[in-house]
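S.K.: Can you keep this structure in mind? I'll have questions shortly.
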Amino acid sequence: MVEIKLTNTRTRTREPFVPLDPQDVRMYLCGPTVYDRAHLGNARPVVVFDVLYRLLRHEYGAENVTYVRNFTDVDDKINAAALARQQAGDPRSLEELIRDRTAETIGWYHADMDALGALRPSIRGVVSDAAEPRATDYIPQMIAMIAELIAKGHAYAAEGHVLFDVRSFPAYGRLSGRSVDDMIAGARVEVAPFKRDPMDFVLWKPSSAAEPGWDSPWGRGRPGWHIECSAMSAALLGDSFDIHAGGIDLQFPHHENEIAQSCCAHPQAEFAKVWLHNEMLQVEGKKMSKSLGNFFTVRDLLDQGIPGEVIRYVFLMTHYRKPMDWTAEKVREAKGHLARWHAVVGMLADGGTADAEMIELLCDDLNTPAALARLHKLSNELTANQTISERQQADFIASARLLGLLQTDTSAWDDPIARAPELTAAVERLLKVWATLRKQKDFVRADALKSDVETFGVRFRATPSGTAADFLRPADASSWGQDNIAGLKAIETRYNA
RNA sequence: GGCGGGUUGGCGGAGAGGUUACGCAGCGGAUUGCAAAUCCGUGAAGACCGGUUCGAUUCCGGUACCCGCCUCCA
């Protein structure tokens with residue numbers, strides 16, 4: 001077995017990965033707050049840590065790896081979304097609206113992450129809802145943990161709130177390399193009068209009648225943001241587990257606070273052994289933000305006809321600990337590479353053996369760009385040979401699948417707009433005309449037809465087996481559709497006449 | 001103000017103290033009615049200033065610029 005090395009944020013070094021229990025390797029990834037569609041940035045950790053999950057399953061066996069990813073379904077943004085619906089005239093109760101909203105969002109999330117080829121989390125290889133816990137299903141565990149923190153002198157109740165006492169945990173700030181005093185000095189923290197220290201954070205807060213709430217020893221209320229991950233990871237993975245992952249923006253305060261809660265509640269345990277953080281995503285060199293107008297969701301891209309596999313490839317082009325830039329140029333490149341690989345291996349056969357050299361690259365802190373380069377080399381070797389054996393194809397596929405690529409054939413790439421029956425039919429009829437003209441060696445008219453259809457977004461090409469059409473869609477997909485069909489039909493009548 | 005990341009050829013993007021990354025684009029060729037696709041071949045680099053070294057793009061120090069976090073955020 002190849003040794004896996006991972007850069008542990010906690011120690012700031014690349015260290016060999018030694019599981020606590022090789023029979024049950026346990027990993028936790030901070031999942032989404034389910035108030036809206038996942039944006040592209042949400043997808044990066046899912047994809048890069050999906051590669052780690054696949055690698056761990058490959059090395060330790062699928063039934064020996066547990067991967068938990070939570071859904072945060074209690075949050076003020078969710079409340080706001082539900083309230084907005086109620087104010088828009090929805091007759092249902094706020095609680096029903098919240099449940100409805102979170103269930104719907106979880107459905108979207110699954111559909112979108114599935115499209116990116118990410119495996120569902122599992123407990124020892126068994127996929128179930130249990131591996132994707134919802135915060136609201138763990139309220140009793142959170143209350144118990146908070147009570148324990150109070151009993152151990154690490155938390156205190158004040159005015160219906162319960163706060164964590166950061167001064168009671170000397171290691172507070174170690175993960176993110178901050179000291180409590182420094183943070184207060186440069187602070188933009190909101191200081192509630194009942195806090196003992198400005199950096200103290202909320203474990204439990206009171207709910208108004210218009211907010212979701214649960215009964216607790218401190219009154220009706222709801223948990224603070226960080227306690228859910230501490231409670232759920234302990235419940236599902238134990239007080240000590242192997243890997244805790246998430247975006248670098250979660251390092252502080254979220255992960256710092258998780259450590260404080262978990263380590264103080266379970267002082268005999270070490271909580272997460274290895275902390276992994278992916279760097280952030282940018283779009284065309286700039287931070288993705290609504291104000292810059294470059295904000296989009298995974299679904300937006302899929303609807304534009306960018307296959308999930310292509311999105312995944314673009315993510316893997318950049319090492320997870322470096323900022324990743326999403327650009328149209330990368331999409332074009334990724335699509336080209338994948339189309340080529342799909343053509344090289346043809347049918348997607350199972351049963352191959354993944355390339356040892358590629359595995360080594362992945363084991364070196366998930367070096368996915370180098371792994372892709374290795375795949376390019378392998379693919380070049382395959383195409384250099386006149387004949388490619390089924391065995392070679394299967395091996396190549398097995399390698400690609402360790403990265404979550406080549407899992408489905410390119411029929412999944414079909415552009416939703418190009419599938420419109422009217423359009424497909426018109427294109428097919430015109431292709432026949434083109435084929436006939438070429439057969440008759442009437443190249444003048446054939447070329448004219450080709451150039452005509454191109455003005456309406458369809459490119460004809462000859463292939464060894466016949467003819468084919470590609471759909472050239474502009475970046476703004478909304479302008480593509482009826483006009484193109486009308487244009488193609490006009491051409492058709494002209495060439496039939 | 002505090003903490004952290006980055007700067008590699010036209011572009012994307014890795015590793016390695018001395019030896020080809022890889023891909024895209026470009027260029028030359030094969031193939032093709034023309035294209036497309038495919039195949040073969042090919043030039044090109046490491047922000048700046050110092051230091052260590054026989055030798056640094058790779059290690060150390062400094063400078064500049066870019067980016068992120070410290071508030072909800074992956």
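S.K.: In whole Hz, what ³J(HN,Hα) sequence does the range A:442-455 give by Karplus (6.51, -1.76, 1.60; θ = phi - 60°), x for Gly and Pro?
M.R.: 8, 5, 5, 6, 4, 5, 5, 4, 4, 6, 5, 5, 5, 5
S.K.: Counting just the Cα atoms, what span does chain A cover along each of its three principal axes? Round to the nearest Å and put the largest first.
M.R.: Over chain A, Cα extents along the principal axes are 90, 60, 41 Å.
S.K.: Just grab the label-to-label distance for A:Val444 and A:Asp239, each label 7 Å out from Cα along the Cβ direction, in nm (one decimal).
M.R.: Result for the modelled spin labels: 8.9 nm.
S.K.: Moving on. If you place +1 on the Cβ of every Lys and Arg and -1 on the Cβ of every Asp and Glu, how big does the dipole about the Cα centre of chain A come out, in debye to the nearest 20?
M.R.: Rounded to the nearest 20 debye, it is 1240 debye.
S.K.: Taking Cα atoms, how many degrees apart are the long axis of helix A:368-384 and the longest axis of chain A, rounded to 10 and kept between 0 and 90?
M.R.: 20 degrees
S.K.: Determine the shape class of the range A:298-418: with a ≥ b ≥ c the square roots of the Cα gyration tensor eigenvalues, call it rounded for a/c under 1.5, and otherwise prolate if a/b is greater than b/c, oblate otherwise.
M.R.: Note, shape of the range A:298-418 comes out oblate.
S.K.: Using a 7 Å offset from the Cα along the Cα-to-Cβ direction at both A:Gln482 and A:Arg167, what is the distance between the two label points in nm, to one decimal?
M.R.: Reported label-point gap for A:Gln482 and A:Arg167 is 6.9 nm.
S.K.: Across the range A:328-338, in residue order, what do the Karplus-derived ³J(HN,Hα) couplings come to in whole Hz, using 6.51 cos²θ - 1.76 cosθ + 1.60 with θ = phi - 60° and x for Gly and Pro?
M.R.: These are the phi-based 3J(HN,Hα) values: 4, 5, 5, 4, 4, 4, 4, 5, x, 4, 5 Hz.
S.K.: Return a whole-number percent for the relative contact order of the range A:162-282, with Cα pairs under 8 Å and 6 or more residues apart as the contact set.
M.R.: Taking the mean separation of contacting Cα pairs over the length of the range A:162-282, I get 25 percent.
S.K.: Identify the residues of the range A:55-91 with backbone N under 16 Å of a label point that sits 7 angstrom from the Cα of A:Ala130 along the Cα-to-Cβ direction, or state none.
M.R.: Answer for this model: A:63-70.
S.K.: Dipole magnitude of the range A:421-494 about its Cα centre, charges +1 at Lys/Arg Cβ and -1 at Asp/Glu Cβ only, in debye to the nearest 20?
M.R.: 400 debye
S.K.: To continue, here is another question. So what is the calculated 222 nm ellipticity per residue for chain A, using -39500 (n - 2.57) for each DSSP H run with n of 4 or more, over all residues, to the nearest 500 deg cm²/dmol?
M.R.: Helices in chain A give a 222 nm mean residue ellipticity of -13500 deg cm²/dmol.
S.K.: Any idea which of A:Ala118, A:Tyr35, A:Met232 is furthest toward the positive side of the dipole for the range A:5-278, if Lys and Arg beta-carbons carry +1 and Asp and Glu beta-carbons -1?
M.R.: A:Ala118
S.K.: Amide H neighbours of A:Asp364 under 5 Å, counting only residues 5+ apart in sequence or on other chains, H built in-plane at 1.01 Å?
M.R.: A:Lys5
S.K.: Rounded to the nearest 5, what is the percent of antiparallel bridges among the DSSP beta bridges in chain A?
M.R.: 55 percent
S.K.: Right, something else. Check each of the GluC sites (Glu not before Pro) in the range A:278-376 and keep only those in coil by DSSP with at most 16 other C-beta atoms within 10 angstrom; list them in order.
M.R.: A:Glu284
S.K.: Positive end of the charge dipole of chain A (Lys, Arg +1 and Asp, Glu -1 on Cβ, about the Cα centre): tell me which of A:Ala147, A:Ser291, A:Phe456 has its Cα farthest that way.
M.R.: Ranked along the dipole, the leading option is A:Phe456.
S.K.: On to the next question. Going by alpha carbons, how many degrees (0 to 90, nearest 10) lie between the helix axis of A:139-151 and the longest principal axis of chain A?
M.R.: Relative to chain A, helix A:139-151 is tipped by roughly 40 degrees.
S.K.: Let me ask something else. Which whole-Hz ³J(HN,Hα) couplings does the range A:358-365 yield from phi under the Karplus relation 6.51 cos²θ - 1.76 cosθ + 1.60, θ = phi - 60°, glycine and proline marked x?
M.R.: Ordered by residue, 3J(HN,Hα) equals 5, 4, 4, 5, 5, 5, 8, 6 Hz.
S.K.: Given 10 Å bins starting at zero, what is the percent of C-alpha pairs of the range A:355-444 in each, up to the one with the largest pair distance?
M.R.: The distribution over the range A:355-444 is 14, 27, 19, 24, 13, 3, given as percents.
S.K.: Report the relative contact order of chain A, percent, no decimals, based on alpha-carbon pairs under 8 angstrom and at least 6 residues apart.
M.R.: So the answer I get is 15 percent.
S.K.: As an exercise, identify the trypsin sites (Lys or Arg not before Pro) in the range A:28-118 lying in DSSP coil whose Cβ has no more than 13 other Cβ atoms within 10 Å.
M.R.: Those satisfying the criteria are A:Arg92.
S.K.: Here's a follow-up. In whole Å, what is the distance between the alpha-carbon centres of the range A:223-270 and the range A:13-54?
M.R.: Distance between centres, Cα-based: 14 Å.
S.K.: Using a 1.4 Å probe over the heavy atoms of the protein chains, calculate the carbon and sulfur portion of the accessible area of chain A as a whole percent.
M.R.: That fraction is 52 percent.
The values are calculated or read from the model by the stated rules, or taken from the named source; none is laboratory data. Keep in mind it's a predicted model, so treat the numbers as computed, not measured. Please note: Cβ atoms are built from the backbone with ideal geometry, for glycine as well, and neighbour counts cover all protein chains shown. The accessibility values were calculated without ligands, DNA or RNA, using every heavy atom of the protein model including side chains. Shrake-Rupley method; radii C 1.70, N 1.55, O 1.52, S 1.80 Å.
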